[in-house]
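Undergrad: Pasting a structure here, questions to come.
Nothing in this text is a laboratory measurement; each read-out follows from the coordinates by a stated rule. What you see is a predicted model; the values in this text were computed from it and never measured. For neighbour counting, all protein chains shown are included, and Cβ atoms are generated from backbone atoms with ideal geometry for every residue, glycine included.
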Amino acid sequence: MKEEKEKMIRFIDSHYNPLFYIPDGGNVVLTYSDGEKAVRPCKFLDEYHTQVGYNVYHICQFAELMEQNGTSYEPEKPMPLPRLCYSTLPATGELILLIQGEKGYRKCEYSVPHRKQNEMTAAQENRRMGVTPQQAAAMMGGAMRGWSTPAARTSSYDLKGNPAAPIGEKALKHKEEAR
């Protein structure tokens, strides 16, 4: 008897760039333009359709609607790290492989001397494996700074793989300007 793979719901932006995945039955957190938050259960329908709350959407339709409304969305629970992913070395642009739990990286035999080509290859291979930019950034953080550090947590990065803004003086300054 063949074991069924867990169904994962893909969330993208309006340009079809992958943002995150959640398991069938998982929740997504919507943050409306006024800052109010709402948690919505999600149901896998097929590769391109999902039910969010009581509404059914094509994944791009959902992304476009959220963008138009100024609503952001993210998984309720932090995303786990993948077993492996591709990246590039910041200093040289060389294509590398990151393995969860291993310090450092492995060189890829099909790395080319062109940084942009290697970045495109890493992004394409990660998309093929279902690895998001957020997960890839956390994998690089873990491989370089240690797997038990905050750098190895997906919650330390935004959905595009950029370090999450620390709450501090900058955030307070912005809040005061809004008054």
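Undergrad: What relative contact order, as a whole-number percentage, does region 8-75 give when Cα pairs under 8 Å and 6 or more residues apart are counted?
TA: 35
Undergrad: If you don't mind, another one. Mind checking the dipole of the chain: about its Cα centre, +1 per Lys or Arg Cβ, -1 per Asp or Glu Cβ, Debye to the nearest 20?
TA: Approximately 520 debye in magnitude.
Undergrad: Let me know the shape class of region 8-75, please: from the alpha-carbon gyration tensor, a ≥ b ≥ c as square roots of the eigenvalues, rounded when a/c is under 1.5, otherwise prolate if a/b is greater than b/c, or oblate.
TA: oblate
Undergrad: Check each of the GluC sites (Glu not before Pro) in region 1-101 and keep only those in coil by DSSP with at most 10 other C-beta atoms within 10 angstrom; list them in order.
TA: Hits after loop and neighbour filter: E3, E4, E6, E36.
Undergrad: Applying 1/(1 + (r/R0)^6) with R0 = 22 Å to the Cβ-Cβ distance of D24 and T71, what FRET efficiency is obtained, to the nearest 0.05?
TA: The calculated FRET efficiency here is 0.50.
Undergrad: What full-extension length gain, to one decimal in nm, is calculated for R145 and C60 as 0.36 nm per residue of separation minus the Cα-Cα distance?
TA: 27.0 nm
Undergrad: Suppose R0 equals 41 Å; then what is the FRET efficiency for T31 and E109 from their Cβ-Cβ distance, rounded to the nearest 0.05?
TA: 0.45
Undergrad: Classify the chain as rounded, prolate or oblate from the Cα gyration tensor: take a ≥ b ≥ c as the square roots of its eigenvalues, call it rounded if a/c is under 1.5, otherwise prolate when a/b beats b/c and oblate if not.
TA: It comes out oblate by the Cα gyration axes.
Undergrad: While we're here: Please return the longest range in the chain lying between exposed loop sites, taking chymotrypsin sites (Phe, Trp or Tyr not before Pro), DSSP loop only, at most 11 other beta-carbon atoms within 10 Å, and leaving the sites out.
TA: Within the chain, the longest run free of exposed chymotrypsin sites (Phe, Trp or Tyr not before Pro) spans 111-179.
Undergrad: On to the next question. For the chain, calculate the relative contact order in percent as a whole number, restricting contacts to Cα pairs under 8 Å that are 6 or more residues apart.
TA: Relative contact order for the chain comes out at 16 percent.
Undergrad: For region 8-75, what is the charge dipole size about the Cα centre, in debye to the nearest 20, if Lys and Arg each add +1 at the Cβ and Asp and Glu each add -1 at the Cβ?
TA: 180
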